[in-house]
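A.B. asks: Questions regarding the structure given below will be posed in turn.
The values are calculated or read from the model by the stated rules, or taken from the named source; none is laboratory data. A quick note: this is a predicted structure, and the numbers were derived from the prediction, not measured. Note that each Cβ is placed from the backbone with ideal geometry, even for glycine, and that neighbours are counted across all protein chains shown.
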Amino acid sequence: MILNTELEYKGDLFPSKIVFYKKHVNVLYFKSENGVVLQLTIERDSVLRFRYSTTGMFEKDFSYGVTMHASKGYNHLEITEDDNKYIITTSKLICHISKLDMRKSIFNVKDNTLLSADEIGFHWEESYEMGGDIVKMSLKSQQGENYYGLGDKPVDNNLKGKRFQNWVTDSFAYVRGTDPIYKAIPFYTAIHNNLSYGVFFDNTFRTYFDFCHERRNITSFWAEGGEMNYYFIYGPEMTEVVSNYTDLTGRPQHMPPLWALGFHQCKWSYYPESNVKEITSKFRKLQIPCDAIYLDIDYMEGFRCFTWNREYFPDPKRMVKELADDGFKTIAIIDPGIKIDHEYSVFKEGLEKDYFCKRADGPYMKGKVWPGECYFPDFTKPEVREWWSELFKELIEDIGIAGVWNDMNEPAIMDVPGKTFPDDVRHDYDGNRCSHRKAHNVYGMQMARATYHGLKKFSYPKRPFVITRSAYSGTQRYTSTWTGDNVATWDHLSIANLQAQRMSMSGFSFAGSDIGGFAEQPNGELFARWIQLGVFHPFCRVHSSGDHGDQEPWVFGKTVTDIVRKFIEIRYTLLPYLYTSFWRYTNEGIPILKSLVLFDQEDANTHYRNDEFIFGEKILVCPILEPNSKGRRMYLPKGKWYNFWNQIIVEGGEEVWVDADIDSLPIFVKEGAIIPKYPIQQYVGEKIIDELELDVYYKLGKESSEVYEDSQDGYDYKKGRYSLRNFTQVGKEKSLTIRQFKSGKFITNYNTFKFNIYGLPFKIDKIVVDNEEIDISKINGVITFEVVKEFRELYIIAK
Ligand code: GLC
C-alpha cells in the first residue's frame with residue numbers, strides 16, 4: 001500500500017570510506033562502503049583519468065572526444081598506502097586518495113607542490129526524472145589560481161569568478177557574456193605557482209563549470225547525466241597542457257591545403273552565377289588576394305541539400321571550373337535538415353533506410369529550418385555517417401566543390417523553445433542508444449565528421465576542407481570552425497579576438513570570426529580594423545547576412561580598400577610562416593594563436609591580458625578595438641621586440657604606447673626570429689615561388705626558427721615529401737651566425753633564399769657562406785643578399 005507519493009529528495013550523496021582496492025595494469029579501482037567505485041587510469045605520467053560509478057558498474061567506455069590514437073604509457077608507476085591514504089606515483093605526479101572519503105589531492109613530483117585537491121570532491125544527486133545521476137566534482141581553488149579555455153565563450157580570457165554551461169546553441173547576435181553559444185568544449189586550463197594543469201570533463205550531457213563564482217575558493221564542474229569522467233592533464237607549461245589535451249582529443253588529421261589559409265569571401269548569399277562572378281572578378285581587378293568564394297543556402301533548390309537551383313546556377317560544374325581557372329575555390333554550405341519532400345531523393349533514401357532521428361515514442365523528429373519542415377539524419381549512427389559521406393560524390397567529384405561548410409548543426413530548429421531537438425529524441429550514439437540529452441553536444445561534430453570523410457574520399461588526391469559551426473571536444477580532428485552569427489560592433493571585434501584565442505587555447509586552432517560582423521553593417525573603419533585582426537586568425541573569412549548592405553573589401557571607399565588589400569597581402573606573404581605554425585599544431589598540438597598567458601605564464605602580468613596575442617611562434621599582434629584610434633597602449637611580453645613596420649627595437653615587460661593609425665596595427669617580431677615570406681599572390685599557386693625571403697631579426701644570443709613546406713596540397717608529405725628547415729641564429733657582439741638543418745624529401749621550387757637582416761649592431765666586414773665569401777659590395781642600407789638554399793652555415797662578421 002503506497003501512502004506517500006512525494007518524491008524523496010536525498011540531496012547530495014558522497015562516497016564513504018574505501019573498503020576495497022584492486023589494480024589491473026594501469027587501472028586502479030577503489031570501492032567505497034556505499035558502493036561508489038573510482039576507476040583511476042594512468043594514461044601517461046602526466047595524464048590521469050578519474051571515472052566514478054555510483055552503482056558499482058560502469059557504462060561502456062565510449063567517447064567521441066578521445067581519439068584512439070592518444071598516446072599511452074608511462075615511465076614509472078608505484079602504488080603504496082599508509083593508514084590514511086593510497087599514494088600513486090608516476091614520473092610526473094603524485095596522487096593521494098583518502099581512505100576515509102575517497103577525496104584526492106595531486107602533487108607534482110618535482111617539488112611536491114600541491115596542484116589540485118578535492119574540496120568535497122566527487123558527489124552526486126540521483127535524478128528520478130531522467131534516471132541516473134547528476135554528477136559533480138568540486139575542487140579547492142589554490143592561492144592565486146586562474147582559469148582559461150572552455151571553447152568559444154565570449155568573455156575575457158581569464159575565467160575566474162564566472163560560471164558557464166556547455167550546450168551547443170544557435171545564438172544569432174549573441175553578446176559579450178552570452179552563455180552557452182555554439183560550442184561545447186569542456187576543457188579548461190588552470191595555473192598557479194607557475195604550474196599549469198588542465199581538466200577535460202569528457203561528458204557530452206549539458207555540463208557546467210564554476211570558477212570560484214558561487215564560492216570564492218571553489219572550482220566545480222557537473223553534468224546533468226552520464227558519468228563523472230575527467231582527465232587531469234599536467235604541464236607544467238600551459239602549452240604542454242594544451243598539447244597533451246590534443247594528444248588525447250586529436251589534432252587535425254592532416255595539414256589543410258595551403259589555399260585554405262588564404263583569404264575567403266562569403267555572404268548570405270551570392271547568387272545567381274553572374275553575381276558570384278562579379279564578386280570574384282572584382283577581387284582580381286582590384287588585386288585583392290582571395291582564394292575562396294562561398295555559396296550560402298540560396299544555391300540550392302528550395303534549400304534542399306545536395307541540389308542546385310538551376311535558374312540561378314544553370315551549370316554549376318562549368319561555373320566552378322571557371323572560378324577555379326581564375327584561382328577561386330568554391331565552397332558550398334550543407335545543413336543537417338532534410339526537407340520533407342517525397343519527390344526528393346535524399347529525403348526518400350533517408351526515410352527508406354531509416355536514417356532519420358525519431359522521438360521517444362516513434363514519430364520522426366520533425367523541425368523547421370530554412371527549407372520548412374525537415375527530418376534530421378542521426379549522425380551518431382555509423383551507417384548514417386557513411387551514407388552522408390557518399391552523398392558528397394557529385395558535389396565534390398563531379399562538380400568540383402573544394403570545401404563544405406556545415407551550418408545549423410547544433411542542430412538548430414526554428415520557432416521552438418530551446419532552439420533545438422526536444423530531450424526525448426533518440427540517437428544511436430554508435431550503438432550506445434541514448435536521448436538527445438546526451439547526443440546534443442556531439443550531433444554537429446558527428447555531422448562534420450561524416451562530411452569530412454565524404455570530402456576526404458571524393459577530393460582525393462587533394463586534401464579536404466570543412467568548416468563547422470557546432471563542435472564538441474575533438475572536432476578539431478576533422479574541420480575548421482567559425483564563431484557563428486556575430487554583430488558588426490566594436491565590442492564584437494574584441495569578442496572575436498577573445499574567441500579566436502580561446503579556441504586555440506582549447507585545442508581548436510583552425511578558427512576565425514565572420515570578419516566585419518554577420519548581423520548589421522560595419523562602417524569602413526570597423527571593417528578595416530576587423531580585417532587587420534582577421535588576417536592573423538588561422539581561418540580568415542569575411543561573411544555577413546547581406547541584409548544590411550554589402551561587405552566586400554571595396555564597398556567602404558578607396559582608403560579602406562587599400563588598407564584591406566595591404567593587410568590581406570601581409571597574410572599572403574606570411575603564408576609559409578602560418579603554414580609552419582599549422583604544421584606545429586598538427587604535429588605537436590602547439591596552439592597557433594597564443595594568448596600571452598600561454599606564451600609566458602611565468603610573467604603574472606600576462607594572466608589578465610586579453611587583447612595581445614602571439615600569431616604563430618614569433619609575431620605579436622594587438623588589434624585596435626576602438627574607433628578613432630591613432631594607436632593604443634599594449635603590453636609587450638618580456639624580451640626584446642622589433643616593431644614590424646620600422647624595425648625599431650622595444651624592450652618588453654611593460655605597457656607601451658604604440659602608434660597605429662587606421663592603415664597600421666601594432667605588430668612586433670620577437671628578436672632572434674627568422675620569418676619566411678612568399679611573394680604576394682592573388683591566390684595560392686598563382687606564382688611559382690622562385691625565392692624564399694627570410695627576414696632575420698638579430699638577437700644577442702641564440703634563437704631558432706622553423707620553416708615547413710610541402711606541395712601545398714595532397715598527401716605526399718605524409719610519405720616524407722616535405723621540407724623542414726631549422727634555422728638557428730647565434731648573435732654575438734661582432735658576429736651573427738645562421739645555421740640551417742634541413743630534413744624531408746620535398747624539393748622546393750626555389751633555389752635561393754633572399755635574406756633581409758634587421759637590427760645588426762655592427763658594420764659588416766664580410767659575409768661567409770659555407771666557407772666562401774659572398775659579394776657584399778652592393779649591400780647598402782637594408783642588408784639584403786641571396787644565398788643558395790642548401791647552405792649550412794652563414795657568418796656575418798663585423799668590421
Ligand atoms: C546561419 C549561419 C550563417 C549563414 C546563415 C544562412 O545563420 O550562422 O553563417 O549565413 O545561417 O545559411
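A.B. asks: State all residues of region 473-502 that are assigned to a helix (DSSP H, G or I), free of Cβ contacts under 8 Å to residues at least 60 places away in the same chain and surrounded by fewer than 24 Cβ atoms within 10 Å (Cβ to Cβ); if no residue qualifies, say none.
C.D. replies: None - no residue of region 473-502 is assigned to a helix (DSSP H, G or I), free of Cβ contacts under 8 Å to residues at least 60 places away in the same chain and surrounded by fewer than 24 Cβ atoms within 10 Å (Cβ to Cβ), so the list stays empty.
A.B. asks: Further question on the same structure: Consider only pairs whose beta carbons are under 7 Å apart and that are at least six residues apart or on different chains; among these, list those whose first residue lies in region 260-272 and is closer than 20 Å to Ala519 by Cα and in contact (Cβ under 8 Å) with a residue 60 or more places away in the chain and whose second residue is polar (S, T, N, Q) and within 16 Å of the ligand (Cβ to nearest atom).
C.D. replies: Lys267/Ser544; Lys267/Gln551; Trp268/Ser545
A.B. asks: Run Phe306 past the list (1) part of a loop (DSSP other than H, G, I, E, B); (2) more than 16 Å from Glu394 (Cβ to Cβ) and report the number of the one that doesn't hold.
C.D. replies: If we test Phe306 against (1) part of a loop (DSSP other than H, G, I, E, B); (2) more than 16 Å from Glu394 (Cβ to Cβ), just (2) comes out false.
A.B. asks: Are there any helices (runs of 4 or more DSSP H) wholly within region 540-628 with 2 or more residues that are away from the ligand (no atom under 16 Å from the Cβ) and among the β-branched types (Val, Ile, Thr), and if so which?
C.D. replies: 558-573, 575-588
A.B. asks: Look through region 301-336, keep the residues that are in contact with a Phe, Trp or Tyr (Cβ under 7 Å, 6 or more places away or on another chain) and free of Cβ contacts under 8 Å to residues at least 12 places away in the same chain, and return whichever of them is surrounded by the most Cβ atoms within 10 Å (Cβ to Cβ).
C.D. replies: The residue in question is Trp308.
A.B. asks: Follow-up. One residue is enough: does region 342-358 have a residue meeting the conditions closer than 15 Å to Phe306 by Cβ and touching a His at 6+ places or on another chain (Cβ under 6 Å)?
C.D. replies: No.
A.B. asks: Also: So which pairs qualify, if the first residue must be in region 503-523 and over 22 Å from Leu150 (Cβ atoms), the second must be of a type in the set (Phe, Trp, Tyr) and modelled with pLDDT of 95 or more, the Cβ gap must be under 6 Å, and the two must be at least 6 apart or on different chains?
C.D. replies: Listed pairs, sorted by first residue: Ile515/Trp530; Gly516/Phe527; Gly516/Trp530.
A.B. asks: Suppose we filter region 268-287 for residues that are in contact with a Leu (Cβ under 8 Å, 6 or more places away or on another chain) and either within 16 Å of the ligand (Cβ to nearest atom) or more than 14 Å from Gly327 (Cβ to Cβ) (or both); how many remain?
C.D. replies: Result for region 268-287: 4.
A.B. asks: Identify, please: which residue in region 438-455 is of a type in the set (A, V, I, L, M) and in contact with a Gly (Cβ under 9 Å, 6 or more places away or on another chain) and is, among those, surrounded by the most Cβ atoms within 10 Å (Cβ to Cβ)?
C.D. replies: Across region 438-455, the extreme among qualifying residues is Met445.
A.B. asks: Please verify whether Ile293 is within 16 Å of the ligand (Cβ to nearest atom), modelled with pLDDT of 95 or more and among the β-branched types (Val, Ile, Thr), treating the condition exactly as stated.
C.D. replies: In short, yes.
A.B. asks: Consider only pairs whose beta carbons are under 7 Å apart and that are at least six residues apart or on different chains; among these, list those whose first residue lies in region 240-254 and is under 11 Å from Ser71 (Cα atoms) and whose second residue is among the basic types (Lys, Arg) and surrounded by fewer than 24 Cβ atoms within 10 Å (Cβ to Cβ).
C.D. replies: Here the result reads Gly250/Arg477, each pair linking region 240-254 to a residue that is among the basic types (Lys, Arg) and surrounded by fewer than 24 Cβ atoms within 10 Å (Cβ to Cβ).
Condition check ((1) surrounded by 14 or more Cβ atoms within 10 Å (Cβ to Cβ); (2) of a type outside the set (Gly, Ala, Ser); (3) more than 28 Å from Tyr245 (Cα to Cα)) across all residues:
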{"residue": "Phe14", "(1), (2), (3)": "yes, yes, yes"}
{"residue": "Tyr29", "(1), (2), (3)": "yes, yes, no"}
{"residue": "Thr41", "(1), (2), (3)": "yes, yes, no"}
{"residue": "Arg51", "(1), (2), (3)": "yes, yes, no"}
{"residue": "Thr55", "(1), (2), (3)": "no, yes, yes"}
{"residue": "Tyr64", "(1), (2), (3)": "yes, yes, no"}
{"residue": "Thr67", "(1), (2), (3)": "yes, yes, no"}
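A.B. asks: Go through region 332-361 and give me each residue that's outside any loop (DSSP other than H, G, I, E, B) and more than 15 Å from the ligand (Cβ to nearest atom).
C.D. replies: Ile338, Ser345, Val346, Phe347, Lys348, Glu349, Gly350, Leu351, Glu352, Phe356, Lys358, listed by residue number.
A.B. asks: Looking only at region 373-408, which residues are of a type in the set (Asp, Glu), part of a loop (DSSP other than H, G, I, E, B) and either under 15 Å from Asp335 (Cβ atoms) or at pLDDT below 95 (or both)?
C.D. replies: Correct list: Asp407 only.
Yes/no matrix, rows are residues, columns are (1) more than 16 Å from the ligand (Cβ to nearest atom); (2) buried (at least 19 other Cβ atoms within 10 Å of the Cβ); (3) of a type in the set (D, E, K, R):
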{"residue": "Asp133", "(1), (2), (3)": "yes, yes, yes"}
{"residue": "Met137", "(1), (2), (3)": "yes, yes, no"}
{"residue": "Gln143", "(1), (2), (3)": "yes, no, no"}
{"residue": "Asn146", "(1), (2), (3)": "yes, yes, no"}
{"residue": "Lys153", "(1), (2), (3)": "yes, yes, yes"}
{"residue": "Arg163", "(1), (2), (3)": "yes, no, yes"}
{"residue": "Trp167", "(1), (2), (3)": "yes, yes, no"}
{"residue": "Asp170", "(1), (2), (3)": "no, yes, yes"}
{"residue": "Pro180", "(1), (2), (3)": "no, yes, no"}
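A.B. asks: Keeping to region 40-74, report how many residues are closer than 28 Å to Glu237 by Cα, part of a loop (DSSP other than H, G, I, E, B) and within 24 Å of the chain's Cα centre (by Cα).
C.D. replies: Matching residues across region 40-74 total 11.
A.B. asks: Would you pick out the residues in region 229-245 that are in contact with a Ser or Thr (Cβ under 9 Å, 6 or more places away or on another chain) and of a type outside the set (Phe, Trp, Tyr)?
C.D. replies: Asn229, Ile233, Gly235, Pro236, Glu237, Met238, Thr239, Glu240, Val241, Val242, Asn244
A.B. asks: Hey, any hits in region 362-372 for a residue that's under 19 Å from Ile334 (Cβ atoms), away from the ligand (no atom under 16 Å from the Cβ) and either in a strand (DSSP E or B) or under 29 Å from the mean Cα position of the chain (by Cα) (or both)?
C.D. replies: Checked region 362-372: no residue is under 19 Å from Ile334 (Cβ atoms), away from the ligand (no atom under 16 Å from the Cβ) and either in a strand (DSSP E or B) or under 29 Å from the mean Cα position of the chain (by Cα) (or both).
A.B. asks: Which of the residues that make up region 409-437 are buried (at least 24 other Cβ atoms within 10 Å of the Cβ) and either within 16 Å of the ligand (Cβ to nearest atom) or part of a helix (DSSP H, G or I) (or both)?
C.D. replies: Selection gives Asn409, Glu410, Pro411, Ala412.
A.B. asks: Please work out which one of (1) within 16 Å of the ligand (Cβ to nearest atom); (2) buried (at least 24 other Cβ atoms within 10 Å of the Cβ); (3) among the polar types (S, T, N, Q); (4) over 23 Å from Gly403 (Cα atoms) is the condition Gln521 fails and give its number.
C.D. replies: Checking Gln521 against (1) within 16 Å of the ligand (Cβ to nearest atom); (2) buried (at least 24 other Cβ atoms within 10 Å of the Cβ); (3) among the polar types (S, T, N, Q); (4) over 23 Å from Gly403 (Cα atoms), the one that fails is (2).
A.B. asks: Another question, then. Got a number for residues in region 776-799 being within 18 Å of Phe762 (Cα to Cα), in a loop (DSSP other than H, G, I, E, B) and modelled with pLDDT of 90 or more?
C.D. replies: 2
A.B. asks: If Ile648 meets every condition in (1) touching a strand residue (DSSP E or B) at 6+ places or on another chain (Cβ under 9 Å); (2) closer than 17 Å to Gln501 by Cα apart from one, which number is that one?
C.D. replies: (2)
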